[in-house]
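Notes to accompany the following structure.
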Amino acid sequence: MHLNPVNAALAVQLGLCLISTVAAEQQVFAPDENSLETPAQTTKERIAIIGAGAGGSSAAYYLQKYSNYSYAITVYDKNDYIGGRTTTVNVHDDARWPVELGASIFVKQNLNLVAAVQEFGLEIRTAELGRVRKMDNVTISDSIGIWNGKSFVYEAQSDSSWLNMGKLLWKYGMSPIKARSLAKKTVAKFLNYYSSVYFPFKDLTTATQDSGLTELTGETTLKYFTKYGISKLFTNHIVQAATRVNYAQNVHQLHALEATVCLAADEGLNVEGGNWKIFDNMLKASGADLQLSTAVSEIVAAGDEGKFLVLAGDSSEEFDQVIIASPYHQTGIKGLELPIKKVPYMTLHVTLVASTKRLSPAYFGLADGAFVPTMVLTTMPETGAAHSPPLFNSVSIVRYIPELNQYVYKIFSPSKMQPAFLQLLFEQGAEFPWVYEKVWNPYPRMDTIEEFQDWKVHEDGIWYLNGMEQFISTMETSSLAGANVAALIVGSANKTALSVP
Ligand SMILES: Cc1cc2nc3c(=O)[nH]c(=O)nc-3n(C[C@H](O)[C@H](O)[C@H](O)COP(=O)(O)OP(=O)(O)OC[C@H]3O[C@@H](n4cnc5c(N)ncnc54)[C@H](O)[C@@H]3O)c2cc1C
């Protein structure tokens with residue numbers, strides 16, 4: 001038996017959640033060269049997409065897929081790269097050593113992403129979570145520890161899953177099994193979002209009610225898990241370690257759907273060279289006119305034919321429809337008043353450091369020379385404990401560079417990692433020849449929610465994808481939002497019979 005919460009904890013450290021699709025039903029499509037090049041291009045319906053991340057790229061890709069290239073699409077992004085929150089940075093500025101700076105992991109059941117990977121012939125790396133990992137030809141025995149600021153409340157060697165299983169059951173009773181079962185049932189319900197049961201769903205609120213998932217989005221993780229007989233100890237240790245690394249949020253506040261899907265994760269995947277390549281290829285396949293380094297500043301109504309003027313950079317263009325594929329209140333877009341609810345986003349500091357040294361046993365209260373887990377997740381101290389909470393959400397090795405004998409660590413934290421703190425966190429005498437810091441607004445605050453943002457935010461054709469993030473915030477769900485809105489647009493134009501993605 002494969003008992004997953006340990007693996008899940010490993011998996012979630014890498015930021016993955018299991019969201020499956022029924023991609024087997026996806027129709028294969030290839031650009032219709034004629035429709036890309038014909039003079040008819042100018043007479044095609046024009047759609048502007050704002051944002052070249054997972055959502056915007058998927059919207060462009062599926063719009064053309066479902067309509068056999070019926071649209072003239074322009075994709076704007078204020079960044080000079082494709083991918084948005086899915087992007088890499090090169091260690092020591094060396095293209096041989098890219099590491100994910102944002103979304104790092106998806107799973108094989110994320111079949112929207114997996115189908116795209118296959119279609120575009122991208123190479124996948126498998127981090128076989130819960131096993132000894134080979135990194136750059138060096139075998140690193142993965143291990144995991146959950147740190148509460150004073151001591152490890154849980155530790156596991158990941159190369160011995162049966163031992164881990166015994167350990168989990170010994171410490172947490174039946175809770176791991178109950179949690180796993182809840183996760184499986186939840187994923188099964190979610191699968192319907194991809195099938196003809198719901199797809200394309202006109203609004204997320206109704207689909208969530210009909211699927212029974214409002215019970216989870218409407219409840220905090222702690223309350224929901226307690227209701228289903230999962231011990232507080234297990235929820236506070238294993239589940240919370242997962243929610244903190246994945247969403248920088250604790251179980252008393254984050255809704256239960258987000259936590260539950262994380263526990264269904266098995267094996268982490270990423271694209272060799274960077275997950276952004278999926279979205280780069282989607283955009284290429286869509287034949288969209290890509291305008292990078294071009295911030296959209298305003299959307300206004302154009303004339304009385306229900307069209308829109310999109311002001312971007314120094315120019316403005318007219319479009320029939322507009323898809324906003326970025327958290328709206330972070331875009332700075334002005335003009336039309338759109339009924340998009342303001343949602344608070346978390347702040348997350350991602351610090352990447354290269355060093356020949358590993359984490360310090362002394363910092364973690366261990367004896368000199370003791371082994372510190374390669375992946376340290378965190379939880380909060382027990383109520384009433386005298387010590388402070390951890391200063392970081394997670395720290396783990398993401399790469400080893402044999403040529404330099406350097407480990408690359410990734411640290412997630414709510415505030416900046418000060419140099420003096422890094423000296424304490426790592427073995428004595430540690431030097432950091434390469435440090436990279438990035439502050440993200442990575443995901444929304446996942447408060448309990450029962451009513452979701454509508455897709456359509458202007459009756460003449462302005463659509464908004466990122467309400468999806470309050471349901472589940474991942475590359476896959478952004479892609480699903482893009483596919484869903486594409487299907488709604490194409491379906492309403494009655495262009496073709498739709499099949500599910
Ligand atoms: C550190 C971190 C770790 C994560 N880990 C994972 C993980 O392991 N697995 C996973 O699935 N997800 C993970 N996520 C979440 C995942 O990255 C997001 O859910 C997903 O990428 C969102 O895609 P999106 O297209 O909706 O938004 P974004 O990727 O944010 O794309 C929006 C784009 O819109 C552009 N834009 C904004 N305003 C304007 C404007 N005015 N004009 C033009 N362009 C504009 C932005 O530049 C951006 O490129 C992680 C996120 C972070 C930050």
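Listed values, structure above:
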{"read-out": "Test: residue 196 is touching a residue at least 24 places away in the same chain (Cβ under 8 Å), more than 24 Å from the chain's Cα centre (by Cα) and under 27 Å from residue 111 (Cβ atoms)", "value": "yes"}
{"read-out": "Test result for residue 347, closer than 27 Å to residue 89 by Cβ and either crowded, with 17+ Cβ neighbours inside 10 Å or within 14 Å of the ligand (Cβ to nearest atom) (or both)", "value": "yes"}
{"read-out": "Residue match in the stretch 39-46 (condition: modelled with pLDDT of 95 or more and either among the acidic types (Asp, Glu) or in the same structural domain as residue 312 (by TED's automatic domain parsing) (or both))", "value": "yes"}
{"read-out": "Any chance residue 417 is surrounded by 18 or more Cβ atoms within 10 Å (Cβ to Cβ), in the same structural domain as residue 237 (by TED's automatic domain parsing) and under 25 Å from residue 247 (Cα atoms)", "value": "yes"}
{"read-out": "Subset of the stretch 316-329 (residues that are within 12 Å of the ligand (Cβ to nearest atom) and over 13 Å from residue 457 (Cα atoms))", "value": "326, 327, 329"}
{"read-out": "Any hit, the stretch 461-471, residues being open to solvent by 10 Å² or more (accessible area, probe 1.4 Å), away from the ligand (no atom under 12 Å from the Cβ) and not assigned by TED's automatic domain parsing to the domain that holds residue 255", "value": "yes"}
{"read-out": "Unique match (being at positive phi, within 13 Å of the ligand (Cβ to nearest atom) and not aliphatic (A, V, I, L, M)) among 303, 332", "value": "332"}
{"read-out": "Test: residue 488 is open to solvent by less than 30 Å² (accessible area, probe 1.4 Å), among the aliphatic types (A, V, I, L, M), more than 10 Å from the ligand (Cβ to nearest atom) and more than 24 Å from the chain's Cα centre (by Cα)", "value": "no"}
{"read-out": "The stretch 338-387: number of residues that are within 29 Å of the chain's Cα centre (by Cα) and free of Cβ contacts under 8 Å to residues at least 60 places away in the same chain", "value": "1"}
{"read-out": "Subset of the stretch 388-399 [buried (at least 20 other Cβ atoms within 10 Å of the Cβ) and more than 19 Å from the chain's Cα centre (by Cα)]", "value": "390, 392"}
{"read-out": "Qualifying positions in the stretch 410-428 - in contact with a helix residue (DSSP H, G or I) (Cβ under 9 Å, 6 or more places away or on another chain) and either aromatic (Phe, Trp, Tyr) or part of a loop (DSSP other than H, G, I, E, B) (or both)", "value": "412, 417"}
{"read-out": "Count of residues meeting criterion [open to solvent by less than 20 Å² (accessible area, probe 1.4 Å) and either near the ligand (Cβ under 8 Å from one of its atoms) or part of a strand (DSSP E or B) (or both)] in the stretch 86-99", "value": "3"}
{"read-out": "Check on residue 249, surrounded by fewer than 24 Cβ atoms within 10 Å (Cβ to Cβ), touching a strand residue (DSSP E or B) at 6+ places or on another chain (Cβ under 7 Å), touching a residue at least 60 places away in the same chain (Cβ under 8 Å) and not in a strand (DSSP E or B)", "value": "no"}
{"read-out": "Residues (within 8 Å of the ligand (Cβ to nearest atom), of a type in the set (A, V, I, L, M, F, W, C) and under 26 Å from residue 188 (Cβ atoms)) located in the stretch 100-112", "value": "103, 105, 106"}
{"read-out": "Options 242, 259: the member that is assigned by TED's automatic domain parsing to the domain that holds residue 148, part of a helix (DSSP H, G or I), in contact with a Ser or Thr (Cβ under 9 Å, 6 or more places away or on another chain) and closer than 22 Å to residue 412 by Cα", "value": "259"}
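Each row is one residue, and each column tells you yes or no for (1) buried (at least 18 other Cβ atoms within 10 Å of the Cβ); (2) within 23 Å of residue 268 (Cα to Cα).
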position: 181; (1), (2): no, yes
position: 198; (1), (2): yes, no
position: 208; (1), (2): yes, no
position: 214; (1), (2): yes, no
position: 224; (1), (2): yes, no
position: 232; (1), (2): no, no
position: 237; (1), (2): yes, yes
position: 241; (1), (2): yes, yes
position: 244; (1), (2): yes, yes
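Residues are listed down the side, and each one gets a yes or a no for (1) modelled with pLDDT of 50 or more; (2) in contact with a strand residue (DSSP E or B) (Cβ under 8 Å, 6 or more places away or on another chain); (3) away from the ligand (no atom under 15 Å from the Cβ); (4) not in a loop (DSSP other than H, G, I, E, B):
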residue: 9; (1), (2), (3), (4): no, yes, no, yes
residue: 18; (1), (2), (3), (4): no, yes, no, no
residue: 24; (1), (2), (3), (4): no, no, yes, yes
residue: 29; (1), (2), (3), (4): no, no, yes, no
residue: 57; (1), (2), (3), (4): yes, yes, no, yes
residue: 65; (1), (2), (3), (4): yes, no, yes, yes
residue: 75; (1), (2), (3), (4): yes, yes, no, yes
residue: 84; (1), (2), (3), (4): yes, no, no, no
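Results for (1) among the charged types (D, E, K, R); (2) within 19 Å of the chain's Cα centre (by Cα); (3) closer than 30 Å to residue 75 by Cα, shown as yes or no for each residue.
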{"residue": "410", "(1), (2), (3)": "yes, yes, no"}
{"residue": "433", "(1), (2), (3)": "no, no, no"}
{"residue": "438", "(1), (2), (3)": "yes, yes, yes"}
{"residue": "442", "(1), (2), (3)": "no, yes, yes"}
{"residue": "456", "(1), (2), (3)": "yes, no, yes"}
{"residue": "463", "(1), (2), (3)": "no, no, yes"}
{"residue": "472", "(1), (2), (3)": "no, yes, yes"}
{"residue": "484", "(1), (2), (3)": "no, yes, yes"}
{"residue": "492", "(1), (2), (3)": "no, no, yes"}
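The values are calculated or read from the model by the stated rules, or taken from the named source; none is laboratory data. All figures in this text were calculated on a predicted structure; none of them were measured in a lab. Cβ sites come from the backbone with ideal geometry, for glycine too, and all protein chains shown count toward neighbours. Heads up: the accessible areas ignore ligands, DNA and RNA and are worked out on the full protein's heavy atoms, side chains in. Shrake-Rupley method; radii C 1.70, N 1.55, O 1.52, S 1.80 Å.
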